[in-house]
1. What number of residues within the range 229-253 are in contact with a Gly (Cβ under 9 Å, 6 or more places away or on another chain) and part of a helix (DSSP H, G or I)?
2. Which numbered condition trips up T197, out of (1) crowded, with 24+ Cβ neighbours inside 10 Å; (2) closer than 22 Å to Q90 by Cα; (3) not charged (D, E, K, R)?
3. When the residues of the range 143-166 are narrowed to those that are among the aliphatic types (A, V, I, L, M) and outside any helix (DSSP H, G or I), which ends up surrounded by the most Cβ atoms within 10 Å (Cβ to Cβ)?
4. If I filter the range 116-136 for residues that are closer than 30 Å to Q33 by Cα and not in a loop (DSSP other than H, G, I, E, B), do I get at least one hit?
5. Take S190 and tell me if it is in contact with a Leu (Cβ under 9 Å, 6 or more places away or on another chain) and open to solvent by 40 Å² or more (accessible area, probe 1.4 Å).
6. Restricting the range 49-103 to residues that are charged (D, E, K, R) and open to solvent by less than 30 Å² (accessible area, probe 1.4 Å), which is modelled with the highest pLDDT?
7. Just give me the residues in the range 16-45 being farther than 17 Å from S188 by Cβ and in contact (Cβ under 8 Å) with a residue 24 or more places away in the chain, in sequence order.
8. Tell me which of these E222 doesn't satisfy, since it passes every other one: (1) touching a residue at least 24 places away in the same chain (Cβ under 8 Å); (2) acidic (D, E); (3) surrounded by fewer than 17 Cβ atoms within 10 Å (Cβ to Cβ).
Amino acid sequence: MGPEDRASANSIDPVAVGVRLVEARRARGMTQQQAADALGVARTTVTAMEKGDRRPRGVDLLRLAELYGRKVGDLTRPLSPARPLAFAVQFRGARGAPADDPQIAADIAAFQSLAEDYVELEHLTGNPLPRRYPELYDIGGTDPGQAADEVASSERARLGLGDGPILDLWAVLESDVGLRVFAPPFVSKSAGMFLHTAGYGGCIAVNGRHPEERRRWTVAHEYAHFLVDRHRPEITVLPAYRRLPESERFADAFAAAFLMPASGLIRHFLAIKRAKDGPITPAEVLALCHRYRVSFQAMILRLEELRLLPPATLDRLRERGFKPDKARTLLDLPRVE
């Protein structure tokens with residue numbers, strides 16, 4: 001290494017590098033011991049570099065960048081002066097799943113990296129995301145289903161959405177609310193995560209490996225938590241509970257009411273029945289799914305809830321072997337993309 005390289009290495013903030021190393025290692029799903037073994041050094045060496053007690057040499061940075069699949073510049077990037085606590089710290093004790101699970105920790109690190117990149121891009125372009133947050137909704141003492149209907153109706157009115165389908169949910173939440181929404185491919189079984197910080201505002205990550213209908217549902221679910229309890233982080237894992245707590249029942253009910261508002265869905269459903277003078281068919285339900293960008297199961301359950309279909313309709317269709325994906329293909333109804 002030449003004099004210029006040594007001078008450059010000496011100018012690097014070891015604390016900033018340590019933070020970046022921790023995030024990169026966790027995003028790779030590696031423990032400190034695994035990283036040390038791969039590098040051929042003692043675990044205490046990795047620990048010292050991550051704590052900022054040991055300044056990495058240029059050759060160390062090259063090897064670490066290769067090991068973690070990063071660029072050297074990613075590991076040496078300065079921390080923002082307003083940088084909040086690491087997401088991993090804030091997710092400790094989050095609802096839904098242990099943040100210290102290695103795979104979930106990797107997803108959290110990737111989530112934070114995306115949020116940082118987003119904020120840095122805003123800073124570079126001088127175009128910060130406006131925050132048009134509503135006041136927290138108080139749902140204490142209210143039945144989760146009733147509260148969900150009221151909050152969903154209020155939010156749709158506040159955002160001027162009417163009672164029709166929301167075609168671009170991402171754009172509404174980013175532009176009209178000011179939430180940062182990401183869809184990285186999670187390595188864990190998590191469906192989504194929500195976090196609110198003073199520095200980043202409201203951030204949602206959903207599993208990019210899931211179908212679009214599931215991602216939209218998860219975004220709406222996490223948005224529900226933002227609306228009533230935004231200062232408590234949330235991790236949604238499927239399946240997560242044998243018996244849903246009230247907070248999760250509210251979030252799921254909100255997702256249904258927000259994505260499939262009762263008044264618009266009832267009006268459209270009855271129009272289909274009047275036009276054919278007969279019971280609605282599974283094919284027509286699939287068309288409704290495509291219109292509202294939701295899964296077949298979500299639509300059937302919502303129609304049952306609104307008493308537009310008899311109870312246990314979904315169970316009867318399953319017993320008869322009805323396959324929504326196969327039917328969708330036969331009807332030439334593409335999956336939502």
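The values are calculated or read from the model by the stated rules, or taken from the named source; none is laboratory data. Quick caveat, the model's predicted, so the values are computed rather than measured. Note: ideal-geometry Cβ built from the backbone for every residue, glycine included; neighbour counts use all protein chains shown. These area figures cover heavy atoms from the full protein model, side chains too; ligands, DNA and RNA do not enter into them. Shrake-Rupley method; radii C 1.70, N 1.55, O 1.52, S 1.80 Å.
1. 4
2. Against the list (1) crowded, with 24+ Cβ neighbours inside 10 Å; (2) closer than 22 Å to Q90 by Cα; (3) not charged (D, E, K, R), T197 comes up short only on (1).
3. Per the stated criteria, the residue is I166.
4. Yes: one or more hits.
5. no
6. D60
7. A16, V17, G18, V19, R20, L21, V22, A24, A35, A38, L39
8. (3)
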